[in-house]
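Read through the structure below, which is laid out as structure tokens, and then see the notes.
The values are calculated or read from the model by the stated rules, or taken from the named source; none is laboratory data. Please read these numbers as outputs of a predicted model, since none were measured by experiment. Reconstructed Cβ throughout: ideal geometry from the backbone, glycine too, with neighbour counts over all protein chains shown. The accessibility values were calculated without ligands, DNA or RNA, using every heavy atom of the protein model including side chains. Shrake-Rupley method; radii C 1.70, N 1.55, O 1.52, S 1.80 Å.
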Amino acid sequence: MDFMPMIVQAIAGENFTVYAYFNDGAIRLVDVKPFIKKGGVFSAIADPTAFREKLTVLNDTVAWDISGDRDPTKCIDLDPISIFKTCPIVSDPLAGVG
């Protein structure tokens, strides 16, 4: 069986970025600005507060719970395989915090 990348935690970073924690232990930095610039469905998270507060993990990936009811069919989400293949691995931003 091939490895299926799944995101287990997502934390908002600065300037519309997300730290995506994968089930293999890797942390990848996702730059969401290009999606937001395209508009469309991503316009709902163009406000920095909405971006941070709606961010969650649904469908085993980075998602924004726009409706607030954790319905995976009503969220904005990103392809976890694409994130896994294209986004750089970074250090844990929470290391040493707490």
> For the chain, with only Lys/Arg (+1) and Asp/Glu (-1) charged at the beta-carbon, what is the dipole magnitude about the Cα centre, in debye rounded to 20?
Replying inline: 300 debye
> In whole angstrom, how long is each semi-axis of the equivalent ellipsoid of region 1-45, when you take the square root of 5 times every eigenvalue of its Cα gyration tensor and sort them from largest down?
Replying inline: 24, 13, 8
> Using a basic spin-label model with each label point 7 Å from the Cα along Cα→Cβ, how many nm lie between Thr86 and Asn23?
Replying inline: 2.2 nm
>> Can you work out the Karplus-derived ³J(HN,Hα) for every residue in region 51-64? Use 6.51 cos²θ - 1.76 cosθ + 1.60 with θ = phi - 60°, whole Hz, and x for glycine or proline.
In response: 4, 6, 6, 8, 5, 7, 10, 9, 6, 6, 8, 4, 8, 10
> Can you list the HN-Hα couplings for region 5-11, worked out from phi with the Karplus curve (6.51, -1.76, 1.60; θ = phi - 60°), rounded to whole Hz and with x for Gly and Pro?
Replying inline: x, 10, 8, 10, 8, 9, 10
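For the chain, which whole percent of the accessible surface, found with a 1.4 angstrom probe, sits on carbon and sulfur atoms? List each step's numbers first, then the result.
Details: 3160 of 5800 Å².
Carbon and sulfur: 54 percent of the exposed surface of the chain.
Quick one: compute a quarter of the convex hull surface over the Cα atoms of the chain and quote it in nm².
7.0 nm²
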> Please state the relative contact order of the chain as a whole percent: Cα pairs under 8 Å, 6+ residues apart?
Replying inline: 26 percent
>> With every protein chain kept in place and ligands, DNA and RNA left out, what is the accessible area per residue of the chain? Probe 1.4 Å, answer in Å².
In response: 59 Å²
> In terms of modelled amide H atoms, which long-range or inter-chain residues lie less than 5 Å from the amide H of Val90?
Replying inline: Ile27, Arg28, Leu29
> Given the rule -39500 (n - 2.57) for each run of at least 4 DSSP H residues, summed and divided by the residues of the chain, what is its mean residue ellipticity at 222 nm, to the nearest 500 deg cm²/dmol?
Replying inline: -5000 deg cm²/dmol
>> Test of understanding: extend the Cα→C-beta vector of Ile11 to 7 Å, then name every residue of region 36-77 with backbone N under 17 Å from that spot.
In response: 52-57, 62-63
